[in-house]
Amino acid sequence: MEKVIIVGTGCAGLTAAIYAARASLAPLVLEGRMPGGQLTTTTAVENFPGFPEGIYGPDLIERMHTQAEKFGARFQYGCVESFQPGEPHRLVVDGATLETESLIIASGASPRYLGIEGESALIGHGLTSCATCDGAFYRDVPVCVVGGGDSACEEATFLTRFASKVYLIHRRDSLRASKIMADRALSNPKIEPLWNSAITAYQTDAAGEVEGVVLRDLVSGAERSLPLKCVFVAIGHEPNTAAFRSHIHTDDAGYLVQTTGTCTNVAGVFAAGDVADHVYRQAITAAGQGCAAAMSAERWLAARE
């Protein structure tokens, strides 16, 4: 019987592990298919407080992992297949059942990419899903945003602060975004919409960094090269909540719903980070929620005792 199990080892899960371990709860932390979360796919992180010179994403995760272990957190590789609430809560992890009094779900969300061959190797090398995270690295160079919703318009508008040119690539001939977001993007002189278009291949330089894309006109079928330095994909995220949806409330997009603070509708179950947050999606906000979830779990356990 565990006091607390933490699902996920991104910023939210590792911060929760640090706080829970320091509270002498000896948390068991489950690392899934992508240990370390999205931060392991980034290069330099310049906006995490305390690192004025920046820090590589994998290095930041490694430090947090070491810090959690130092205080007594235990780590186990495995993916949660199902969840059954109760006293205790039960998780099936790679075929084995684990029991716990409390549970912190910090399993994150996976960004959707385009499914182009060789794509995964370019993430962090001119391919990203976060303009707020990486936009400042691409000053005075052309970039593109793929998508047609509010997020794509918001990312494109944000990138005009840095990039010399922002191509907004969309498969249709009009945006799905709300009128105010679409008007804001299309009226910006730095943003050029490329309608009825799709990327079919990435072009890289000798260092393996993106230097352009192959663009197909979906009406004529013609293809052309488009020189640019970064592709920002804004076609949504998939929250990693499949194992929990039968018992924990989610919104229409599948994100866990937090009731008070990080609490969910199931007593003793808490949600932290991108698994519940589809607005900010930052390392520091995920870490803050991980802290809050661990403190809430500690207080919930203390009240039961």
Query raised in the report: In the stretch 81-96, what residues are of a type in the set (G, A, S) and not in a strand (DSSP E or B)?
Result: G86, G95
Query raised in the report: Which members of the stretch 253-305 meet the condition of being surrounded by fewer than 18 Cβ atoms within 10 Å (Cβ to Cβ), in contact (Cβ under 8 Å) with a residue 40 or more places away in the chain and charged (D, E, K, R)?
Result: R304
Query raised in the report: What do you reckon, is A21 modelled with pLDDT of 95 or more, under 20 Å from H237 (Cβ atoms) and out of contact with any strand residue (DSSP E or B) (no Cβ under 8 Å at 6 or more places or on another chain)?
Result: no
Requested in this report: State whether the residues of the stretch 83-99 include one that is farther than 22 Å from A17 by Cβ and within 21 Å of the chain's Cα centre (by Cα).
Outcome: no
Report task. Answer yes or no as to whether G72 is farther than 20 Å from E238 by Cβ, free of Cβ contacts under 8 Å to residues at least 40 places away in the same chain and either of a type outside the set (K, R) or crowded, with 19+ Cβ neighbours inside 10 Å (or both). Result -> no
Requested in this report: Go through the stretch 125-179 and give me each residue that's more than 20 Å from A201 (Cα to Cα), of a type in the set (S, T, Y) and part of a loop (DSSP other than H, G, I, E, B).
Outcome: Y138, T160, S164, S174, S178
Requested in this report: With respect to E62, determine if the residue is more than 16 Å from the chain's Cα centre (by Cα) and surrounded by fewer than 18 Cβ atoms within 10 Å (Cβ to Cβ).
Outcome: yes
Report summary line: When V145 is run through (1) farther than 18 Å from Y280 by Cβ; (2) surrounded by 16 or more Cβ atoms within 10 Å (Cβ to Cβ); (3) out of contact with any Phe, Trp or Tyr (no Cβ under 6 Å at 6 or more places or on another chain); (4) not assigned by TED's automatic domain parsing to the domain that holds D251, the failure sits at (3)
Query raised in the report: Could you list, in sequence order, the residues of the stretch 222-241 that are of a type in the set (G, A, S) and either surrounded by 15 or more Cβ atoms within 10 Å (Cβ to Cβ) or in a strand (DSSP E or B) (or both)?
Result: S225, A234, G236
Report summary line: In the stretch 168-205, anything crowded, with 19+ Cβ neighbours inside 10 Å and either at positive phi or not assigned by TED's automatic domain parsing to the domain that holds V219 (or both) is listed as none
Query - Test: T15 is among the hydroxyl-bearing types (S, T, Y), in contact with a Cys (Cβ under 9 Å, 6 or more places away or on another chain) and either surrounded by 15 or more Cβ atoms within 10 Å (Cβ to Cβ) or not assigned by TED's automatic domain parsing to the domain that holds H247 (or both) - result: yes
Query raised in the report: Given the structure, is A109 buried (at least 16 other Cβ atoms within 10 Å of the Cβ), among the small types (G, A, S) and under 27 Å from H237 (Cα atoms)?
Result: yes
Query raised in the report: Restricting attention to the stretch 97-113, which residues are part of a strand (DSSP E or B) and touching a residue at least 60 places away in the same chain (Cβ under 8 Å)?
Result: L98, E99, T100, E101, S102, L103, I104, I105, A109, S110, P111
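The values are calculated or read from the model by the stated rules, or taken from the named source; none is laboratory data. For clarity, every value in this text was computed on a predicted model and none was experimentally measured. All Cβ positions, even for glycine, are placed from backbone atoms using ideal geometry, and neighbour counts span all protein chains on display.
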